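First up is the structure itself, then whatever we jot down about it.
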Amino acid sequence: MTAEPVTAAEALRAAAGPGQAAIEIRGLRKTYGQIEAVRGLDLTVRRGEVFALLGPNGAGKTTTVEILEGHRDRDAGEISVLGHDPARHARQLREQIGIVLQSTGVEEYLTVREEVALYAGYYPHPRDVAETIELVGLTEQRDRRVQKLSGGQRRRLDLAVALAGDPELLFLDEPTTGFDPSARRHAWDTVRGLAKLGKTIFLTTHFMDEAQALADRVAVMADGRIVAEGTPDTIGARGERHSVIRFHLPEGVALPAGMPPQRRGADGAMELATEDPTRVLNALTSWALDAETPLDRLEVVRPSLEDVYLELTGGNRSDQDAA
Amino acid sequence: MNGLALAIRQIGYENRAFWRNPAAAFFTFAFPLLFMVIFNVLFGGGSADAPPGQRAADFFTPGIIAFSVITATYTNIAMMVTIARDAGILKRVRGTPLPPWAYLAGRIGHSALLALLLTVIVAAFGAVFYGVAVPWDQLLLLVLVLVVGAAAFCALGLALTGFIPNADASPAIVNASILPLLFVSNVFIQMQDAPAWIDTLSKVFPVRHFADALMSIYSPGIAGGAFRWEDLGILAAWGIGGLLVALRTFSWEPRR
């Protein structure tokens, strides 16, 4: 599925203009020895959108992101990131991007303010240091040394350092791994705030609720390719899928005839998959009232992004839990 | 800002961070002086009657200067860069517009400042407490040897990082690579009575040539006589070799 070189070049030229794509990838390939980490990847990220790249470990996410950031060379394909080829114009590109990697350190003996100022000094048009610190909510800790920060505060400092250069495009790699729920909400609010400022955000995450909460568009990567792409609500034809009606029946009670196909859930719940939940629910509850049978823990569930993700990536849960 | 200005700014931040860790800073400076006192007490007993230029202190002052410069450059760079690499600082810096060389220049520049400060302190200590005269008449040559030595050991320290698998292994590997040489290179112990083979072997390595060059300027009456340009040449060759190895093996990413 390698793109024709001519069309790829045309696509890149079209993407270079303002208001166009922030990231344009055509036919990207990368091989490590015998292993094909990325095999013919096509992807477009529009300016100003929050884009989430999902996929299990080993899918090629990190390789792809590191090629976009200019950390790694590619074997084949055309790439434009904010109009630059990361392999050729790394410095110009890095003036316009911010990167938050998992578990990257900072100088332990500097204060929060010194640290942000140090990094701000690397960029031609940095954001105001105090403003950056305010944006991530570290104003109270601004004169505290990094060694005295909590784990969550360090992650916020990571973000502050990535924002120091006032980037157009922000790469966030698993930004909330290890956060407690309230810290996650806070981080999400920060990301939404950045999106409101018109920044493009490229997110990789294992958390489906994070993608659902933040992303305008998501793509699922497996085995070095994009296997699905769309909005969190429609990806993998999620919007058209069956709803599931779940409930617990007392022992020995059987459902009447005319109900949709039934199956038993993991917790012993009865599950009915249907395209028409209104009608089925009506029939079900009428029957239950007549028969005086309680429908314990009754709920109607739409397939979650996680369900779609697991189906698309082969459903290997242990794979993603290993992260 | 251009690269040079960024590199100088980088030195400033390195320096600030260094002094914020007072325990580490204290021992960086206390160690060489402590060694100097101990060695003079242990080996200086019979030398009080020796003529100036041939006392134990005449040997240990340039020896401890060599030790100080090596500690401030080779040891310091190999350890700090490995720690920064494993903490992900190097990778983070690589994702910014800061030119990679400017970051390393900051580290090297800070090491050079430490080496200079230590040299001045040790020389002053030797002059004040042991009456070892500073060779003012050969100051230019002394500075040249110090600069070439510091540069060579910075390059070798960078080269070594490529062979250190992780930060935890760093102190062990750095010490294993340098301590034995310090004992057989006219730094801690005089080599004139050493077996010939070990004397010959030590002349393969850069520490010996650095120490001998300093010694010949400081105290030509001890251990080897006049200054030889070949010492400087071999030292420089090791430095260039180190640089070439560093260029091939240096890694910006943690090795886990």
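Name every residue in region B:67-95 that is of a type in the set (Gly, Ala, Ser), out of contact with any strand residue (DSSP E or B) (no Cβ under 9 Å at 6 or more places or on another chain) and at the interface with another protein chain (Cβ under 8 Å from one of its Cβ atoms), in order of residue number.
B:ALA84, B:ALA87, B:GLY88
If you check A:ARG94 against the conditions, is it within 14 Å of chain B (Cβ to nearest Cβ), free of Cβ contacts under 8 Å to residues at least 40 places away in the same chain and crowded, with 21+ Cβ neighbours inside 10 Å?
yes
Counting only residues that are within 14 Å of another protein chain (Cβ to nearest Cβ) and within 26 Å of the chain's Cα centre (by Cα), which one in region A:133-158 is farthest from A:LEU172 (Cα to Cα)?
A:ARG154
Those residues that are away from every other protein chain (no Cβ under 14 Å), under 27 Å from A:PHE207 (Cβ atoms) and either touching a helix residue (DSSP H, G or I) at 6+ places or on another chain (Cβ under 7 Å) or surrounded by 21 or more Cβ atoms within 10 Å (Cβ to Cβ) (or both), I need them from region A:55-78; list them, please.
Across region A:55-78, the qualifying residues are A:GLY55, A:PRO56, A:ASN57, A:ALA59, A:GLY60, A:LYS61, A:THR64.
Looking at region B:182-199, is at least one residue touching a Pro at 6+ places or on another chain (Cβ under 9 Å), surrounded by fewer than 24 Cβ atoms within 10 Å (Cβ to Cβ), under 25 Å from B:THR82 (Cβ atoms) and not hydroxyl-bearing (Ser, Thr, Tyr)?
Checking region B:182-199: not a single residue is touching a Pro at 6+ places or on another chain (Cβ under 9 Å), surrounded by fewer than 24 Cβ atoms within 10 Å (Cβ to Cβ), under 25 Å from B:THR82 (Cβ atoms) and not hydroxyl-bearing (Ser, Thr, Tyr).
So how many residues does region A:81-91 have that are touching a residue at least 60 places away in the same chain (Cβ under 8 Å) and at negative phi?
Summing the residues that are touching a residue at least 60 places away in the same chain (Cβ under 8 Å) and at negative phi in region A:81-91 gives 1.
Select from region B:218-231 the residues that are buried (at least 20 other Cβ atoms within 10 Å of the Cβ) and over 15 Å from B:SER185 (Cα atoms) and list them in ascending order.
Once the filter is applied, which keeps residues that are buried (at least 20 other Cβ atoms within 10 Å of the Cβ) and over 15 Å from B:SER185 (Cα atoms), region B:218-231 yields B:TYR218, B:SER219.
Which one of A:ASP223, A:ASP180 is over 29 Å from A:SER150 (Cβ atoms), acidic (Asp, Glu), surrounded by fewer than 20 Cβ atoms within 10 Å (Cβ to Cβ) and at pLDDT below 90?
A:ASP223
For region B:105-132, how many residues meet the condition of being free of Cβ contacts under 8 Å to residues at least 12 places away in the same chain and either in a loop (DSSP other than H, G, I, E, B) or touching a strand residue (DSSP E or B) at 6+ places or on another chain (Cβ under 7 Å) (or both)?
Count: 0.
Residue check, A:GLY121 against (1) modelled with pLDDT of 90 or more; (2) of a type in the set (Gly, Ala, Ser); (3) surrounded by fewer than 18 Cβ atoms within 10 Å (Cβ to Cβ), all met but one. Which one?
The one condition A:GLY121 does not meet is (3).
Please give the number of the condition B:ILE108 fails out of (1) closer than 24 Å to A:ARG91 by Cβ; (2) within 14 Å of chain A (Cβ to nearest Cβ); (3) buried (at least 16 other Cβ atoms within 10 Å of the Cβ).
Status for B:ILE108: all satisfied but (2).
Name the residues in region B:134-164 that are surrounded by fewer than 21 Cβ atoms within 10 Å (Cβ to Cβ) and either free of Cβ contacts under 8 Å to residues at least 60 places away in the same chain or touching a Pro at 6+ places or on another chain (Cβ under 8 Å) (or both), would you?
B:VAL134, B:TRP136, B:ASP137, B:LEU139, B:LEU140, B:VAL143, B:VAL147
Is there a residue being in contact (Cβ under 8 Å) with a residue 60 or more places away in the chain, farther than 22 Å from B:TRP252 by Cβ and under 21 Å from the mean Cα position of the chain (by Cα) anywhere in region A:67-80?
Yes, there is a match, as at least one residue in region A:67-80 is in contact (Cβ under 8 Å) with a residue 60 or more places away in the chain, farther than 22 Å from B:TRP252 by Cβ and under 21 Å from the mean Cα position of the chain (by Cα).
Here are some residues: B:ALA17, B:ALA24. Which one is more than 30 Å from B:PHE205 (Cβ to Cβ), within 14 Å of another protein chain (Cβ to nearest Cβ) and at pLDDT below 95?
The conditions single out B:ALA17.
Within region A:257-293, how many residues are in a loop (DSSP other than H, G, I, E, B) and surrounded by 11 or more Cβ atoms within 10 Å (Cβ to Cβ)?
7
Give all pairs with beta carbons closer than 7 Å in which a residue from region A:119-132 that is away from chain B (no Cβ under 11 Å) meets a residue that is modelled with pLDDT under 95 and not in a loop (DSSP other than H, G, I, E, B); count only pairs at least 6 apart in sequence or on separate chains.
Listed pairs, sorted by first residue: A:ARG127/A:LEU163; A:THR132/A:ALA160; A:THR132/A:LEU163.
Please indicate, with yes or no, whether at least one residue in region B:165-178 is surrounded by 16 or more Cβ atoms within 10 Å (Cβ to Cβ) and either in contact with a strand residue (DSSP E or B) (Cβ under 7 Å, 6 or more places away or on another chain) or not in a helix (DSSP H, G or I) (or both).
No, region B:165-178 contains no residue that is surrounded by 16 or more Cβ atoms within 10 Å (Cβ to Cβ) and either in contact with a strand residue (DSSP E or B) (Cβ under 7 Å, 6 or more places away or on another chain) or not in a helix (DSSP H, G or I) (or both).
Which residue pairs have Cβ atoms closer than 8 Å, lie 6 or more positions apart in sequence or on different chains, and pair a first residue in region A:139-158 that is surrounded by fewer than 19 Cβ atoms within 10 Å (Cβ to Cβ) with a second residue that is part of a helix (DSSP H, G or I) and at pLDDT below 90?
What qualifies is A:GLY152/A:ALA183.
Only one of B:ALA155, B:ALA102 is away from chain A (no Cβ under 14 Å) and part of a helix (DSSP H, G or I); which?
None of the others qualify; the one that does is B:ALA155.
Taking into account only those residues within region A:226-238 that are closer than 25 Å to A:LEU170 by Cβ and at pLDDT below 85, which is nearest to the chain's Cα centre (by Cα)?
Of everything passing the filter in region A:226-238, A:PRO232 is nearest to the chain's Cα centre (by Cα).
Anything in region A:159-197 that is more than 18 Å from the chain's Cα centre (by Cα) and on the phi > 0 side of the Ramachandran plot? List them, or say none.
The one that is more than 18 Å from the chain's Cα centre (by Cα) and on the phi > 0 side of the Ramachandran plot: A:ASP166.
The values are calculated or read from the model by the stated rules, or taken from the named source; none is laboratory data. Since the model is a prediction, treat every value here as computed from it, not as a measurement. Here Cβ is always computed from backbone atoms with ideal geometry, including for glycine, and neighbour counts include all displayed protein chains.
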